Each structure stands twice: as structure tokens, then as C-alpha cells.
1. Net charge near Gly130: determine it from the other residues with C-beta under 12 Å of the C-beta of Gly130, scoring Lys and Arg +1 and Asp and Glu -1.
2. Under 19 Å between alpha carbons, and skipping anything fewer than 8 positions from Lys405 in its own chain: which lysines qualify?
3. Roughly what would the spin-label model give for Ala226 and Lys180, points 7 Å off Cα along C-beta, in nm?
4. Quick one: angle between helix 261-270 and the longest Cα principal axis of the chain, in degrees between 0 and 90, rounded to 10, please.
5. Quick one: length gained pulling Glu404 to Asp160 fully straight, 0.36 nm per residue minus the C-alpha distance?
6. Enter the angle in degrees (range 0 to 90, nearest 10) between the Cα long axis of helix 48-59 and the first principal axis of the Cα atoms of the chain, meaning the one along which they spread out most.
7. Under 5 Å between amide hydrogens, which residues at least 5 positions from His227 or on another chain qualify, with H placed 1.01 Å from N in the peptide plane?
8. Using 0.36 nm times the number of residues separating Ser81 and Glu269, minus their current alpha carbon distance, what extension gain do you get?
Amino acid sequence: MDHFVINGTVTLEGEVVTSGAKNSSVAILPAALMADTPVTVENLPHIDDIFTLIELIQYLGAEVKTNGSRSITIYPEKVHSWKAPYELVSKLRASYYFLGSLLTRFKRAVIPLPGGCPLGPRPIDQHIKGFQALGARVDIQHGFIQIEAEQLTGTQIYLDVVSVGATVNLMLAAVTARGKTVLENVAKEPEIVDIANFLNAMGADIVGAGTDEIKICGVKKLQGTAHMVIPDRIEAGTFIMAAASTNGNVLVKEVIPKHLESVTAKLKELGVDLEVGEDWIHVKGCSCPQPINIKTFPYPGLPTDLQALFMPIMTRARGTSVITENVFEGRFKHVDELKRMGANIRVDGRSAIVEGGCGLTGAPVKATDLRAGAALIIAGLLAEGETAVSGIEHIDRGYEKIEEKFNRIGAGIKRVRQE
Ligand code: UD1
């Protein structure tokens, strides 16, 4: 397996351009199969999750044409299969979106239980509850989910847990259901708005995306469209955290600053010097970070996906910081790895207590999930000496050419390829 070698201590300087949002793109590709004419998707990120999804939609029968480095056209007319193979589905969490999209297209779907980052238990009971409320029969056997419905019928569905995946999947299933569906207590992430805009451009009738209630009037059919994916706020947040952590001077371009308000607010508390423009955020350093407390919540709260990335800078703060993880139960696996680098962190239930003031030192460490991997890269940039990060297949799933982007701002990260 490949690994990254990082030599610290580094101060990042320069400009980074944000790629398209992973969490929008991974829903938009399965959703494109619901159209009856071609769909063009622009600003797709070059990440392994997207490459896997393209393979998956081709396996199902779609033709895919590449228009340029970030744009593809999907020809959904020839899709003939409603069964997705384990080898591809197990590579990513978002493969569960084929449940909603193939159910709409074929009135049935057979999907292996999805893969993705190991963040503790990740049930999909809310997706299933919603599909059943719309009139689908759902059966789980031998690791496969089978779902079918002659006719989905709109209804009122209240999510017991605010879930991004369930919100999107139920939008996909409800767009052509008979009558009106009202989804309540739904997630409000910007990616959900992006996906709803895409579906509306295909002819769907969805209102309220971005609020906690989404209303969907079923339409007869969906047609092709062209859509530009929004910028990836988590990727942008990663470079912002890296710049702040290394006391760097980095301009992060092509961001929607509103999507990162919870992050920039906390960075100001940390003492980071920031300037925010219309579509850019300029991090101008942080020589003496203050200890802070953060709590993750669904959007507009601080994203769980950026929680791990706050840890490296907290090890530099003068005092104790506390991170409370409210979204995923098992999302502190990076703590043991950071401790190998000299961090003083204690996990107590859903909180991690980070004692500042201890310098990190390079060590061999392992990325246990996508964002934990990015946190280890930032820690490697801060640490004295050499850090070798293994498990980088997790990082490649969701970050576009991460070492190249970091190296353009002075990181000097080497990818060591292993046969
Ligand atoms: C999505 C994102 C992921 C992000 C997460 C939370 C994608 C592809 N992934 O993941 O990057 O970290 O949102 O912002 O968009 N839950 C249930 N039952 C369900 C569904 C979820 O109990 O049926 C729970 C989960 O275990 C978790 C919480 O709800 O505790 C939020 O999960 P959810 O928003 O569904 O996360 P994902 O959609 O998997």
C-alpha cells in the first residue's frame, strides 16, 4: 500500500483552489440514472469515490463520456440493471444512494450494505423507515438490501435522527412518487441544497431544501440537465485548518464562506488572523493559538468531518481544549495515532481533552478514515522530523491529489508507491 512521507516543521504559504464537493457529487451521479436523457455534471472532484461511482454506473449500463478534466456526460438511457456488485459498493458509503435512484428508475433495487469510513455504528434505519413509509417493501438478507415498490406514494416522514444520507435518499425516492411527500427533521447541509437544485433542474418539484422541512410534489418523469457541483467546504476547511495550524499564510479560493461560518468563528476564537471575501478565505497565521472548546453538530453546526482537523492546532495551544463529538460515536480513532506523535489527548466518552503546549514529533502513523488521514497530514507538517502516514487509500477516496495541492503551498509531501 502507498504511504505519505512528510518532513516537518513546515509553514504553508500560497494559494489553493477548492475542488467540487464530494458529498454532492456522490449523490448526483446515482441520481443522474433517474433521467431519461443525458446529464452533464461539471466541477466533479478527481477522487477515488467518484472513479468508483463512474465504474458502478457503467456496470449498471450507463455510458459515460469525459468532456474535460472535471466534466462528464452520463447517458442513462441504457441502464439495464438494478443490482449493484459488492466489490464496488463496499468501497464507499454513498453507494446507498442507488437504493433511492434505482427504486425510482426500476421500481426495485438490490444493493449490498454500503462501505465507507469506520466511524462507529452507521445504521441506515432512517432510510429504510422512509422507503417503507413511501410504500416500498424492504428486505435485508445475506448482506444485501432488496427494495421494491410498484408505486411509491407521497406521505409525511419525520426522521428520528438528522441524517444527510436519509434526507437525500428519500428525496431521490419521492421525486416521482404519487402525490406530495413532506420530509421533516431533515438535514440542512449545503450539499442537500445542491442535490435538490440538481433534481429540480431535471424536472423535480422540491422546495425547502436547506431548512428542516422539505416538500416534494411527485412528477411523472425526469429529464437530463447540466449541473455545476458546489465547492467542497470540507476540503476548503482542511486547507484552512492546515494553514492556521502551521502559522501559514494561505489564500483558499473558490469557497462559499457562508458554508464555513462555524469554522471561521472557531478559528477567530483560536486567535487565527483571517480575511473573508466573496469566494475566498485568506488565513494569515496564528502564532499563539488559544485553547478552545468545539462541539460537532449537523449543519449549520461545526461539521463532524472537520473535528479531527482541529486537534493538531490544539496541541500547540497554551492550555486545555475539549472536542465533543455529537454526530458519530466512534470518531476518535485518530487520537491514538496523534498520541504516537507526542500529543497529550484523553478520550472520555464523546469528548477528547487535548492538552496543549506539547511539540509533536514525527512517527509512523495510520489513517483510519478519510478525515483522520487529513488530520495526520497536518500533524506531520507540524511535527519535528519525519512522519510516515499509511492507510492513505482512505484519503484518496475523498481528497483530490492532496499531496500535490499541499506541495504547491510548500509542504514537501512524498507519496511512496508500494508494489
Ligand atoms: C454524511 C456524509 C459524511 C458526514 C455525515 C455527517 C456523505 C456521503 N457523507 O454521512 O461525510 O460525516 O453525513 O455530516 O454525504 N444515522 C442513524 N440512522 C440512519 C442514518 C444515520 O442513526 O438511518 C445516524 C448516524 O449513525 C450518525 C448520524 O445519524 O450518528 C448522522 O449520520 P448521517 O448524516 O446519515 O451520515 P451519512 O449520510 O452517512
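1. Net local charge, Gly130 excluded: -2.
2. Reachable lysines: Lys22, Lys253, Lys284, Lys414.
3. A separation of 3.5 nm, rounded to one decimal place.
4. So the helix axis and the longest Cα principal axis differ by about 10 degrees.
5. 83.7 nm
6. 20 degrees
7. Amide H to amide H, under 5 Å and 5 or more residues apart or across chains, His227 pairs with Thr40, Val41, Glu42.
8. 62.5 nm
Each reported figure results from applying straightforward, stated rules to the coordinates on display, with no laboratory input. From a predicted model like this one, the values you see are computed outputs, not experimental measurements. FYI the Cβ positions are ideal-geometry reconstructions off the backbone, even for glycines, and counts take in every protein chain you see.
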